[in-house]
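The values are calculated or read from the model by the stated rules, or taken from the named source; none is laboratory data. Predicted, not measured: the structure shown is a model, and the values here were computed from it. Virtual Cβ from ideal backbone geometry, glycine too; neighbours counted across all protein chains shown. Accessible surface is based on the protein model in full, side chains and every heavy atom, while ligands, DNA and RNA are left aside. Shrake-Rupley method; radii C 1.70, N 1.55, O 1.52, S 1.80 Å.
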Amino acid sequence: QVQLVESGGGLVQAGASLRLSCAASGSIFSINTMGWYRQAPGKQRNLVARITKGGSTNYADSENGRFTISRDNAKNTVYLQMNSLKPEDTAVYYCNTVPVSLSWGQGTQVTVSS
């Protein structure tokens, strides 16, 4: 089974940008939709962005315009560019298929200070 490794998180101030990466151990070319999810402390894990094999994207309302998801099938990697970060974006970010079909990776922590 394809394994996922997320990276790129960190501690930043409000208004900063981060670029997250999700490297898959196998090919994601055949996977139709990949997504980024996040889980804030004490809350459920939610989908924040998705991208189809053809490049069509969709975002949760609160992230629309600030986040950009992309994928490089040749590198088996999915990215999430996050701009104008807010303290409420603080969470552990994960990638997976949409709907979820792979084991979760360890995620990458994003902490935004005010």
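A few points about this structure:
- Taken as a whole, region 27-34 holds no residue that is out of contact with any Phe, Trp or Tyr (no Cβ under 9 Å at 6 or more places or on another chain), closer than 13 Å to TYR93 by Cα and outside any loop (DSSP other than H, G, I, E, B).
- Tabulated pairs, region 37-51, first part of a strand (DSSP E or B), second open to solvent by 40 Å² or more (accessible area, probe 1.4 Å) and small (Gly, Ala, Ser), C-beta under 7 angstrom, 6+ apart or interchain: ILE51/SER70
- Complete set of residues in region 76-85 that are surrounded by fewer than 18 Cβ atoms within 10 Å (Cβ to Cβ) and in a loop (DSSP other than H, G, I, E, B): ASN83, SER84
- Region 86-114 residues that are in a strand (DSSP E or B), paired with ones that are open to solvent by 40 Å² or more (accessible area, probe 1.4 Å) and of a type in the set (Phe, Trp, Tyr) (beta carbon under 7 Å, 6 or more apart): TYR94/TRP104; ASN96/TRP104
- Condition met for ASN73 (surrounded by 14 or more Cβ atoms within 10 Å (Cβ to Cβ) and farther than 24 Å from VAL12 by Cα): yes
- Residue, farthest from the chain's Cα centre (by Cα), within region 27-64, restricted to residues that are open to solvent by 80 Å² or more (accessible area, probe 1.4 Å) and more than 17 Å from THR77 (Cβ to Cβ): GLY42
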